[in-house]
Amino acid sequence: MDDYPEILPPREDGVFKRILTHPSGKPVLLSVVSGLLGVNVTEATVLNVEPVLTGIDEKREKFDVNCKTDTGHQMEIEMQAEAMRNDSIANLHKNMLSRSVFNLCDLHKSQPGRGKAYDTLLHSYQATICGYTLLPSRPSYINRVQLRFDDGQLFVEDVGIIFLELTKLEDVLKKPVDEMSLIEAIAVFFAKADDLRYRSMITALGRVREEIGLADELLLTISKDDIERAHYRSRRLFEMDRQSEIALATRVGERQ
């Protein structure tokens, strides 16, 4: 890896979006959507393709990826590398969970419904890939949530929320790469692709699964892009400045 600069984390918002929306990255998007939904998606159309902004306006870009599929789904996929400010394990990340519900409702209602029967609308799913532990009481690294009756019977399949937690892969990482499921391979890539200790595993995964190999190729190409690295530094600096301002304002408020 000496011929590459430091590999950018695929969990970083801008890098994540570039991998999933790259013109040659359609197989990566299809595999991520298929793995998250648990169904075979053979075609998906990205709905938000706004260009990356620069400078102080960068955080105004929407970093989530919205797409619709040939299976009758529409999905919003976002990367949440770190816990939301003022959220904590103590309250089970209530702010983040409520945000997911809000985004799901907004996504489902955004469909043009005039002249359509409700049961013909696309099924809407909000998916969040977490770089931290969001649901500490649930051991599984992937959790799919749907509307159900009190006895657990499914009410409707129209909407759902999916959480993929990258901090719960201990057992997955012990598996031979050729025994990993699609969603396991995707999770390992986003969790470990920038970690040099796991580069041999990522390379092996790329040989077993073509879409992981393509995702890794895109990541390495993005990592060598001086402009993208500058954007990454700018986004990091923007976030650090904002956190510093909040901390300073909190201290001032406490004094007052």
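Pairs, please: C-beta under 6 Å, at least 6 apart or cross-chain, first residue in a loop (DSSP other than H, G, I, E, B) and in segment 129-142, second of a type in the set (A, V, I, L, M)? From segment 129-142, the pairs are G131/A81; G131/L166; Y132/A83; P136/I89; Y141/L169.
Could you tell me whether any residue of segment 125-145 is over 18 Å from the mean Cα position of the chain (by Cα), more than 24 Å from Q80 (Cβ to Cβ) and surrounded by fewer than 17 Cβ atoms within 10 Å (Cβ to Cβ)?
no
Applying the condition of being surrounded by fewer than 12 Cβ atoms within 10 Å (Cβ to Cβ) and out of contact with any Ser or Thr (no Cβ under 8 Å at 6 or more places or on another chain) to segment 1-37 and asking which residue is modelled with the lowest pLDDT yields M1. Residue-level check: of (1) buried (at least 18 other Cβ atoms within 10 Å of the Cβ); (2) closer than 30 Å to R197 by Cα; (3) out of contact with any Leu (no Cβ under 9 Å at 6 or more places or on another chain), Q80 misses just (3). Scanning segment 139-154 for residues that are at pLDDT below 95 and closer than 24 Å to F189 by Cα returns no hits.
For every residue, the table says whether it meets (1) surrounded by 13 or more Cβ atoms within 10 Å (Cβ to Cβ); (2) at pLDDT 95 or above.
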{"position": "D171", "(1), (2)": "no, yes"}
{"position": "K175", "(1), (2)": "yes, yes"}
{"position": "K192", "(1), (2)": "yes, yes"}
{"position": "I202", "(1), (2)": "yes, yes"}
{"position": "R235", "(1), (2)": "yes, no"}
{"position": "A247", "(1), (2)": "no, no"}
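Checking G213, G160 one by one, the residue that is farther than 23 Å from R138 by Cα and modelled with pLDDT of 95 or more is G213 and no other.
Working only within segment 143-162, note down all residues that are free of Cβ contacts under 8 Å to residues at least 60 places away in the same chain and either in contact with a strand residue (DSSP E or B) (Cβ under 9 Å, 6 or more places away or on another chain) or not in a loop (DSSP other than H, G, I, E, B) (or both). Those that are free of Cβ contacts under 8 Å to residues at least 60 places away in the same chain and either in contact with a strand residue (DSSP E or B) (Cβ under 9 Å, 6 or more places away or on another chain) or not in a loop (DSSP other than H, G, I, E, B) (or both): N143, V145, Q146, L147, R148, L154, F155, V156, E157, D158, V159, G160.
The values are calculated or read from the model by the stated rules, or taken from the named source; none is laboratory data. For clarity, every value in this text was computed on a predicted model and none was experimentally measured. Cβ atoms come from the backbone with ideal geometry, glycine included; neighbour counts cover every protein chain shown.
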